[in-house]
1. Of all residues in segment 151-162, count the ones that are surrounded by 18 or more Cβ atoms within 10 Å (Cβ to Cβ), within 16 Å of the chain's Cα centre (by Cα) and closer than 18 Å to Asp122 by Cα.
2. Go through (1) within 16 Å of Pro186 (Cβ to Cβ); (2) away from the ligand (no atom under 15 Å from the Cβ); (3) open to solvent by 20 Å² or more (accessible area, probe 1.4 Å) for Lys110 and report which single condition fails.
3. Has segment 174-185 got at least one residue that is assigned to a loop (DSSP other than H, G, I, E, B), within 15 Å of Glu129 (Cβ to Cβ) and open to solvent by 70 Å² or more (accessible area, probe 1.4 Å)?
4. Filter segment 18-47 for residues that are β-branched (Val, Ile, Thr) and either crowded, with 17+ Cβ neighbours inside 10 Å or at positive phi (or both); which is farthest from the ligand (Cβ to nearest atom)?
5. Only one residue in Lys172, Lys130 is in contact with a helix residue (DSSP H, G or I) (Cβ under 7 Å, 6 or more places away or on another chain) and at pLDDT below 95. Which one?
6. Counting only residues that are assigned to a loop (DSSP other than H, G, I, E, B) and over 21 Å from Gly205 (Cα atoms), how many does segment 21-71 have?
7. Restricting attention to segment 49-76, and to residues there that are within 16 Å of the ligand (Cβ to nearest atom), crowded, with 20+ Cβ neighbours inside 10 Å and not basic (Lys, Arg), which single residue is nearest to Leu194 (Cα to Cα)?
8. Can you tell me which residue within segment 77-93, out of those that are among the charged types (D, E, K, R) and touching a helix residue (DSSP H, G or I) at 6+ places or on another chain (Cβ under 9 Å), is surrounded by the most Cβ atoms within 10 Å (Cβ to Cβ)?
Amino acid sequence: MSTLNFFLSALVIFISIESYSMTILVDPGHGGEEDGATREFQGKVIKEKDLTLEFAQKIFEKLQKKHRVFLTRSMDRTVTLQERANIAEKIKADLFISIHMNSSPDPRAKGFETFYLDNHDDIAVKKVEKTENTSVSGESDIQQILIDLAISQTVATSKPLANIIHASNKAKMQGRYSMLSRGVKPALFYVLALSKRPGVLLEVGFMTNDDDLKKLQDKKYQDLYSEALASSIDQYIRSKKKLR
Ligand SMILES: [Zn+2]
């Protein structure tokens, strides 16, 4: 290979790596004063804020191989929804991925679901919003007009992103771990609206279901889920390139 050819192929590789890389903000839900969902299981108190951090750190590690990745918190501390959105703005995040664990009064409720920001009429989803939108530190309500603006700015990107992430998780988690897929759904999560970025909120599984919770605590499961998520981001980038 001539020097020029070598230089050109190196340049091509450099450019393709560059265009392949995104700035991604991974958001472990709750933290500090906010435990999120809690339950006693096998003699221990399990807190949503700890599980979200475990998953977020694994997702961070996997995504970091190809992307610029940040966490809204890397330890057990309180971060308001607005502060999370401010970080997204500061780092100019291309994607915002918020991680949560679901809970229900019905211990039979189980499975994982993927949410993107949009209006809807689903009563069950409204219940999930109620638990995820509350914050000890203020911002209890944001105006519908701001939500509508955020929807118009993000839905065209967030919806296909949610579909690709969910399909990838489904392919990996349904087979080996027989985790139930609850589907992709629109929801009004304030953290997504405030961040005004293409993004998803992932409910990884139900802490109130014994089978789900065992999986959520399983490091191998956490690894597999994080790998599925990271590879879905690659698929998403490829799908965007095809559209161009
Ligand atoms: Zn949560």
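1. Going through segment 151-162 one residue at a time, the tally reaches 1.
2. (1)
3. Within segment 174-185 (the criterion being assigned to a loop (DSSP other than H, G, I, E, B), within 15 Å of Glu129 (Cβ to Cβ) and open to solvent by 70 Å² or more (accessible area, probe 1.4 Å)), the answer is no, since none of the residues qualifies.
4. Ile24
5. Residue meeting the stated conditions: Lys172.
6. Final tally of qualifying residues: 7.
7. My answer is Thr72.
8. Filtering first and then ranking leaves Arg84.
The values are calculated or read from the model by the stated rules, or taken from the named source; none is laboratory data. From a predicted model like this one, the values you see are computed outputs, not experimental measurements. Positions of Cβ are backbone-derived with ideal geometry, glycine not excepted, and every protein chain shown enters the neighbour counts. Surface accessibility is based on the protein's heavy atoms, side chains included, excluding ligands, DNA and RNA. Shrake-Rupley method; radii C 1.70, N 1.55, O 1.52, S 1.80 Å.
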